[in-house]
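Down below is the structure, laid out as structure tokens.
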Amino acid sequence: MKVNTKFIKEVKKYGAFDISACFNCGNCTAVCPLSKEDSSFPRKMIRYAQVGAEDKIESSLEPWMCYYCGECSDTCPRQAYPGEFMMSLRRYLISRYDATGLSKFFYMNSWAQNILVIGIFLVSLIFFISYNGDFQELAAKIELAFPAYVTLAIFMYVFTMYKKTILDKSKKFLFSFDFSNIKETLIHGLTQKNFSGCSETDWTRWIAHLLVMSGYTLTLIISNLHLLEPLKKHYGLLDITTPLVFYAAFGIIAGGFVMMGRRFLKKIQSSKFSHPTDWLFVAMLFLIGISTLTTYILNMAMGPDAEAVAISYKINIAIEVAWIIIIVPFTKWIHIFFRPMAIYLYNLKKEKQLA
Amino acid sequence: MSTKNTDVLIVGSGIAGMQAALDIGDSGLNAVIVEKSPSIGGKMISLSKVFPTLDCASCITTPKMAASSHHPRVDIYTYTEVKEIKKVSDGFEAVIIKKPRFVIESECISCKKCEEVCPVYVKDEFEYGLGVKKAISIPFTNAIPQFPVLDESKCIRCGACARVCPKDCIDYLQKPEEINIKSKAVIISTGYEITPMDAKKEYNGTKLPNVISSLQAERLLAPHGPYGKFLRPSDGKIPDSIAYVQCAGSRDESIGIPYCSRVCCMYAIKQAMLLSGMLPLSEITIYYMDIRAFGKGYEQFYNQARAMGINFVKAKVAKITEDEEHNPILRIDRQEDGSKPQEVKHDIVVLSQGLVPSTKNFFGLELEINEYGFINQPQKTLSPAKTNIEGVFVAGVASGPKDIPDTIMEAGSAAVEVINYVKSVKVGS
């Protein structure tokens, strides 16, 4: 292995840490409640980065095991911000696992992502407003196209991750069908229970995150299955979609509000350093929640034929289009899949005794 | 208010203050030492041995204490606080407050009878809270002066000491006394305190009984220490496994003390060596970030410790907790063969704390201090004793952490600077 001193500069573009101050005392790893004997971080990862062991980092699952409680950054004797380093590693890995290279471009040039999001939103909106046909039909087609696009993106990421962490080492396809592993993966994916691993559970963060996550997943189901037809049906309080939409919107808005507030106040380590892509991510989620809810409430109040409902619905779909095309496959969103995947692959490695 | 004239006022009677006073006295000038504790000797008199020679600390300090107290040109005020020092046209004017011992010093013959009959036990400050003493007692065996001090806050006013005193010199009504000191120059040798035990909250230093401070460990190792043996405080067990946590109070940005205290590596190695002599079967582990053995003979001392079988583990201790038997548990990242977060149990843990300045405001003197409270030395290389105020000199840890040999050298340097200064002022005026 060759020492590569440029590597650290590359990772540094993804976040505000200072691991050149690190003298490898190991306080971060020892204080970390999630670090384990066979999955130890952040010090090991910092050491890899310091010597430029790119391959080691790309094949590591450790970055996804970190939930950024920030204890390492709080207690670091050198103020090297190891927690922020782990966060930057996750951003770096997303860029590396992205075959299109767009994630990296967006991380480096966040303005480009902002402009593209706004541009696509505006173009779609203008198109939708000027569209003369049955917009409900068009929306159905757009919403049904989403899953295909997203699945493709996810498949690309998941395969790269699998390749880098397992395939490159084992040289053959390995899978774990162990029930306990699958169960653990699902539980972690659905509850994010590692948030409770920190020595003082940050309940606000966990609940806000759960609200956003569940609300968003519900929105995804509602739109991808095209459950809503606000321009055709008149929804009432007793409709099955009502509690779904209200919960989803409430989850995203309340959770998103808390998250934005914390990033704004910067009191907690994990919300001290926000990458512009983080802001775009929460802001867009927030807008999805609000526009979905507004459309639905307007429909309930005014019926499917009202002009306001149509406009609100068009805005809603335009936001979703920008979100799906530009944000979902690139930058932060994919961590939803990487975190549970990492747990699955970690157990797989243990099962197959891959060092 | 009585007034005393002298050439040099020295604040603090640790090894720096005493050394400077002796050098000044020997040169023919007069010096006054003001010491806030009841005895002179500073921190050094409480140490067990000194590194890297393993000389007995009190065997070096006691003669210095005796020499200063008997020196014809050195006057000492113990148990006395400096209220303020003002620069005036012909030197300095200080106001000092002599705290009441509740004992008439001119009459006391140090017979210790009061101490024998006193029914009240209090924590012994000299033993850093490990042992007990009487509410009226001589501070420690080789204290100078040998006058008892009555702890007013703990005394129950039973009168036993007053009845037994053969010289009738217990005076419950003694009041603080203000004294004016006029001097031509001042030496600040106020020294240090160790970082508080609760500075790093992850170490639970004030909560866990078997996590002790390095100065407490010095007392446990001293031949005349509180228990006469190295026992752990919670249950008096002789420890089988002892851990030293390095950089427990310095080189740590998270507690706001990023500087290196320069002595902790060496005193921990010294204590470990003494321990392995005292308890040959015990396991001694020193957890360090890196060992800084920089002085003359220090590296050899460190290598000797390794050869003696003391374990050196590179790891910063992140957290200290304990089990139900009060055995401290350390969490570290074991770095041999990769990286493994681990919990290690020991019988007793010594925190190698750093050095912080013992006083924040230097008696109203407008001294330049650095961001950590140590006095700045504007001419550090050529005249390390000089401060930003003409006529005010500094010696020892007051200007930054340093070991005993460096402190003594600085004190000598301060003495020479002060002598030159006072003589030049004489000629000039």
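A few notes on this one:
- In this structure, residue A:130 does not satisfy being touching a residue at least 40 places away in the same chain (Cβ under 8 Å) and of a type in the set (Gly, Ala, Ser).
- Residues that are of a type in the set (Ser, Thr, Tyr) and crowded, with 20+ Cβ neighbours inside 10 Å within the range B:219-236 are absent altogether.
- Qualifying residues in the range A:38-80 (those that are away from chain B (no Cβ under 11 Å) and β-branched (Val, Ile, Thr)) - the one nearest to residue A:347 (Cα to Cα): A:57
- Lone qualifier among B:108, B:118 - being buried (at least 19 other Cβ atoms within 10 Å of the Cβ), assigned by TED's automatic domain parsing to the domain that holds residue B:142 and in contact (Cβ under 8 Å) with a residue 60 or more places away in the chain: B:108
- Among the residues of the range B:297-335, just one is touching a Lys or Arg at 6+ places or on another chain (Cβ under 7 Å), more than 12 Å from chain A (Cβ to nearest Cβ) and part of a strand (DSSP E or B), namely B:312.
Quick grid of which residues meet (1) aromatic (Phe, Trp, Tyr); (2) surrounded by fewer than 23 Cβ atoms within 10 Å (Cβ to Cβ); (3) more than 30 Å from residue B:85 (Cα to Cα):
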| position | (1), (2), (3) |
| --- | --- |
| B:269 | no, no, yes |
| B:275 | no, yes, yes |
| B:282 | no, yes, yes |
| B:290 | no, yes, yes |
| B:306 | no, yes, yes |
| B:333 | no, no, yes |
| B:346 | no, no, yes |
| B:353 | no, no, yes |
| B:367 | no, yes, no |
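- Restricting the range B:237-263 to residues that are over 22 Å from residue B:313 (Cβ atoms), touching a residue at least 40 places away in the same chain (Cβ under 8 Å) and within 14 Å of chain A (Cβ to nearest Cβ), the residue that is surrounded by the most Cβ atoms within 10 Å (Cβ to Cβ): B:257
- Scoring residue B:358 on the criteria (1) surrounded by fewer than 17 Cβ atoms within 10 Å (Cβ to Cβ); (2) of a type in the set (S, T, N, Q); (3) under 20 Å from the mean Cα position of the chain (by Cα) leaves a single failure, condition (1).
- Number of the condition not met by residue A:110 [criteria: (1) within 14 Å of chain B (Cβ to nearest Cβ); (2) under 24 Å from the mean Cα position of the chain (by Cα)]: (1)
- Here the helices (runs of 4 or more DSSP H) wholly within the range A:1-58 that include at least 1 residues being under 24 Å from the mean Cα position of the chain (by Cα) are A:7-12, A:43-51, A:54-58.
- Test: residue in the range B:392-399 that is under 26 Å from residue B:352 (Cβ atoms) and among the aromatic types (Phe, Trp, Tyr): no
- Which numbered condition residue B:338 fails, given (1) within 14 Å of chain A (Cβ to nearest Cβ); (2) surrounded by 20 or more Cβ atoms within 10 Å (Cβ to Cβ); (3) modelled with pLDDT under 95: (2)
- Residue count, the range B:71-111 (criterion: among the basic types (Lys, Arg) and in a strand (DSSP E or B)): 4
The values are calculated or read from the model by the stated rules, or taken from the named source; none is laboratory data. Treat the numbers as computed from the prediction; the structure is a model and nothing was measured. For neighbour counting, all protein chains shown are included, and Cβ atoms are generated from backbone atoms with ideal geometry for every residue, glycine included.
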